[in-house]
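Single-structure report; data block below.
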Amino acid sequence: MKLPNCSTCNYSFRWKELFFTFGSKKCPNCGVYQFITAQKRRQSVWVSPIAAAASAIFLQWAGLPFSITIPIVLTVVVLALLLNPFFLEFTEKEEPLF
Ligand SMILES: [Zn+2]
């Protein structure tokens, strides 16, 4: 897994700079705003809910009680957020979503 680079100056973003990045991010090196590509934005919208739903369904199927299911589902959602920076891809121009 690899963190994305600035599309203008090729600066390597750090993980903590990208945590909670869902729209655009100003490059700390060259100052140009970087936009997450439309494709990646569409994907990231689905990652957390699908991860949460899939783990909830699996845990219900495994017969675990709700008191165990909820913390595990929350952990999965947090993990998905923590891993989000690795799946970002930047472009200089804002692309329309559709
Ligand atoms: Zn840059």
Subject >> Cβ-placed point charges (K, R +1; D, E -1), dipole of the range 15-91 about Cα centre in debye, nearest 20 >> reply: 220
Subject >> Stretch in the chain that is longest and holds no trypsin sites (Lys or Arg not before Pro) that DSSP places in a loop and that have at most 12 other beta carbons within 10 Å >> reply: 15-92
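Taking Cα pairs under 8 Å and at least six residues apart, what relative contact order does the range 1-75 come out at, in percent? Each step should come with its number before you reach the end.
Values: 48 pairs, mean separation 13.1, N = 75.
After rounding, I find 18 percent.
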Subject >> Total lysine pairs under 16 Å (Cα atoms) in the chain, excluding pairs fewer than 8 apart on one chain >> reply: 8
**OP:** With everything on Cα atoms, drop me the angle between helix 66-83 and the longest principal axis of the chain, reported from 0 to 90° to the nearest 10.
**Re:** 10
**OP:** Return the sequence-ordered ³J(HN,Hα) values of the range 29-41 in whole Hz as given by the Karplus equation 6.51 cos²θ - 1.76 cosθ + 1.60 applied to θ = phi - 60°, using x for Gly and Pro.
**Re:** 8, 10, x, 8, 6, 10, 10, 5, 4, 4, 4, 5, 5
**OP:** Place +1 on the Cβ of every Lys and Arg and -1 on the Cβ of every Asp and Glu in the chain, take the dipole about the Cα centre, and give the residue among Leu74, Pro49, Thr91 whose Cα lies farthest towards its positive end.
**Re:** Thr91
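Throughout, read-outs are computed from the coordinates displayed, never taken from laboratory work. None of the values given here were measured: they were computed from a predicted structure. Ideal geometry is used to build each Cβ from the backbone, glycine not excepted, and the neighbour counts take in all protein chains shown.
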